[in-house]
1. Got at least one residue in the range 9-22 being among the aliphatic types (A, V, I, L, M), away from the ligand (no atom under 16 Å from the Cβ) and touching a Leu at 6+ places or on another chain (Cβ under 6 Å)?
2. Right, Asp124: under 23 Å from Lys16 (Cβ atoms) and either charged (D, E, K, R) or in contact with a Gly (Cβ under 6 Å, 6 or more places away or on another chain) (or both) or not?
3. Please enumerate the residues belonging to the range 107-130 that are within 16 Å of the chain's Cα centre (by Cα) and of a type in the set (Ser, Thr, Tyr).
4. Taking Gly84 and the conditions (1) surrounded by 14 or more Cβ atoms within 10 Å (Cβ to Cβ); (2) within 30 Å of Lys158 (Cβ to Cβ); (3) away from the ligand (no atom under 16 Å from the Cβ); (4) within 16 Å of the chain's Cα centre (by Cα), which numbered condition does it fall short on, given that it satisfies the others?
5. Output the strands (runs of 3 or more DSSP E) that fall wholly within the range 149-225 and possess 1 or more residues being more than 16 Å from the chain's Cα centre (by Cα), or say none.
6. Can you tell which of Lys5, Lys63 is basic (Lys, Arg) and touching a strand residue (DSSP E or B) at 6+ places or on another chain (Cβ under 8 Å)?
7. I need every pair where a residue in the range 29-55 that is in contact (Cβ under 8 Å) with a residue 12 or more places away in the chain and on the phi > 0 side of the Ramachandran plot has its Cβ under 6 Å from the Cβ of a residue that is not in a loop (DSSP other than H, G, I, E, B) and not polar (S, T, N, Q), sequence separation at least 6 or different chains.
8. Can you run down the residue pairs with Cβ atoms below 7 Å, 6 or more apart or on separate chains, where the first is in the range 119-148 and away from the ligand (no atom under 15 Å from the Cβ) and the partner is aliphatic (A, V, I, L, M) and part of a loop (DSSP other than H, G, I, E, B)?
Amino acid sequence: MAARKLFSGPDDRRIKRALCIVAHPDDIEFYCGGTVLKMTARGVIVDFVLATSGDKGARDVSKSRAKVARLREREQEAAAYVMGVKRVAFLRHPDAELVEDLELREELVREIRATKPDVLLTFDPNVGYRYHPDHRIVGRVALDAAWPCARDPLTYPKAGEPHETKEAWCFAGQQPTLEVDVGDVLEDKIEARLAHASQTPSPAGLRRRWRYSARAERFHQVDLR
Ligand SMILES: [Zn+2]
């Protein structure tokens, strides 16, 4: 995988479909919500895949994990609606327990082949410590699934027709090669983030902070062809 770049950004007309693969509800809004909004605004079909439903993302230990997961899935669907995204797939692995294995890889191959993205948005796996292990793992497995597994017909032959994703945009890493100004869609990005009400003790505070801090999204582009 060379470090060549193909697409110029979310406005690139060659992008018709995009897929976001993340670990938890609200990962997308935090790292690439504005980029998603810019794409859906011009008719790009964007799909979401979440490896977990964030079932440990609650401070209140009286709620069951199943209940937390259901609530957070509903919040993610509401956020997707704000972003113009119709399909959210929940793989329902336990939160904070993702492992790099062939089962997860096959599930992601199936999602990539079903949605046929031109560009894959996921976590940058090349990071140091103090990084959520689910983020690191989902990034690694998503990139392995996209290249070469989803492309090769003899790999997981029962997981759908082969598909070549052209490029990956990896977020949360240390060496971005693409910066996207999302100022024009910032208010919608904030609304999408606020749909995760269970994760937002102070909506007004978040709104204030994000108006300053959430204007740029950064990606490391990886050529997958
Ligand atoms: Zn996360």
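1. For the range 9-22, residues among the aliphatic types (A, V, I, L, M), away from the ligand (no atom under 16 Å from the Cβ) and touching a Leu at 6+ places or on another chain (Cβ under 6 Å): present.
2. Here the answer is no, as Asp124 does not meet what is asked.
3. Thr115, Thr122
4. (2)
5. Hits in the range 149-225: 178-181, 216-223.
6. Within the list Lys5, Lys63, the selection yields Lys5.
7. The qualifying pairs are Gly54/Arg72.
8. Val119/Ile15; Ala146/Leu224; Trp147/Met1; Trp147/Leu224
The values are calculated or read from the model by the stated rules, or taken from the named source; none is laboratory data. It should be emphasised that the depicted structure is a prediction, and the values quoted were computed from it without experimental measurement. Note that we place each Cβ from the backbone using ideal geometry, even for glycine, and neighbour counts take in every protein chain shown.
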